[in-house]
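The block underneath contains the structure these notes are about, expressed in structure tokens.
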Amino acid sequence: MTLRPRAGSRPPHRVVALLGSPQPAFPLACASEVFGDHGPAIPARYAFEVCAERPGAVGTDAGYAMVVTAGLEALERADTVLVPGRGPSAGSEVAPEVIAAVRRAHRRGARIVGLCAGAFVLAAAGLLDGRRAATHWARAAELASLFPLVRVDPAVLYVDHGDVATSAGAAAGVDLCLHLVSADQGAAYATRIARRLVMPPHREGCQLQYAERPAAGPAADSLAPLLDWLGERLEEPVSVADMAARARVSPRTLTRRFTEQLGISPGRWLLDRRIAATRALLEETDLPVETIARRVGLSSAVNLRRRFHEALRTTPAAYRRAFRAEHSGSG
């Protein structure tokens, strides 16, 4: 994860969504819900706007048209350029003017983000050559065929390289957007937005669990009750055997279910949750590291520092300095 510390006096991070016609309405809505105005309850740290190759009416896949007043020149002032999906002909040729504008923004230092089939635009601009990328599982083979230099991963919810990021289909765009907010502004700020959206700030798993399968089989037992139970007991020493006993399965079966449904092991899931809780406490409290370690179940400051550095490549003290939540009400 690439952490991007926020300076208190820095102007809002400008996110410009590049629309195409017909514009998929859902990924655009996902982006605007995360980066748009949240009212007085959540201080604004982003400015969100839209543009199109040609200003004017832009049709959508929902049957209505939008009037877009800004053209490609809007990308010149963007901190993040976001391509929220792409219409049914995702593999159709991307206009040279669009490719040139996206490349210029990337060279200037803007972060380029493709949600769902928006990855096709990034691939056409050459920004994904030699890199892992995500897109909707139903279009992964098409993306790989059209752009053989792109290492398409059909399983992941999103891939973030720092300067370039892509997400899987539909709601995975929210996962990526919240991840970017967490990297930009800290876990506590991202959690506030996620709560407003009534969703978790970080969703586990991979998109293959939603893909169509050749033959229908029995659905795997949901891990949701166990995950809820674990989330309420982060401070307790819980082993894989304890988890398996709670779920009334063998440790081997539990590990298989975690791998199938979430893409990671039970121990990895629990550690990730403890690191997330550590980040929030570092941002929002003055608690010493030793106290935080006990609260999140990492037993000691030494263990917490080691695990934290392994996960984020920084120390708790450095993280707290960079992402300390402001108590003045302005951030």
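The values are calculated or read from the model by the stated rules, or taken from the named source; none is laboratory data. For clarity, every value in this text was computed on a predicted model and none was experimentally measured. Neighbour counts run over all protein chains shown; Cβ positions are idealised from the backbone, glycine included. The area values use the complete protein model at the heavy-atom level, side chains included, leaving out ligands, DNA and RNA. Shrake-Rupley method; radii C 1.70, N 1.55, O 1.52, S 1.80 Å.
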Hey, of (i) 170; (ii) 228; (iii) 148, which did the structure itself give for volume of the Cα convex hull per residue in Å³ when calculated? (iii)
Contact order normalised by residue count of segment 89-137, Cα under 8 Å, 6+ apart, percent: 36
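Quote the charge dipole size of the chain about the Cα centre in Debye, to the nearest 20; the model charges only the Cβ of Lys and Arg (+1) and of Asp and Glu (-1).
Numbers: 41 positive and 33 negative charges, 193 e Å.
Dipole of the chain, to the nearest 20 debye: 920 debye.
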Roughly how many Å² is the accessible area per residue of the chain, as a whole number, for a 1.4 Å probe? 47
What residues have an amide H closer than 5 Å to that of Gly59, excluding those fewer than 5 places away on the same chain, when H is modeled at 1.01 Å from N in the peptide plane? Gln23, Met66
For Tyr158, list long-range residues whose amide hydrogen, built 1.01 Å from N in the peptide plane, is under 5 Å from its own amide hydrogen. Ala168
Taking the Cα centre of segment 88-152 as origin, sum charge times position over the Cβ atoms of Lys and Arg (+1) and Asp and Glu (-1), and report the length of that vector in debye to the nearest 20. 380
Which of Phe48, Thr191, Val83 sits closest to the plus end of the dipole of the chain, meaning its Cα is farthest towards the positive end, when Lys and Arg get +1 and Asp and Glu get -1 on the C-beta? Thr191
Return the carbon/sulfur percentage of the accessible area of the chain, one whole number, probe 1.4 Å, all protein chains in place. 54
Vicinal HN-Hα couplings computed from phi for segment 152-164 (Karplus, 6.51 cos²θ - 1.76 cosθ + 1.60; Hz; Gly/Pro x): 6, 10, x, 9, 6, 6, 6, 9, 10, 9, x, 8, 9
In terms of modelled amide H atoms, which long-range or inter-chain residues lie less than 5 Å from the amide H of His13? Tyr46, Ala47
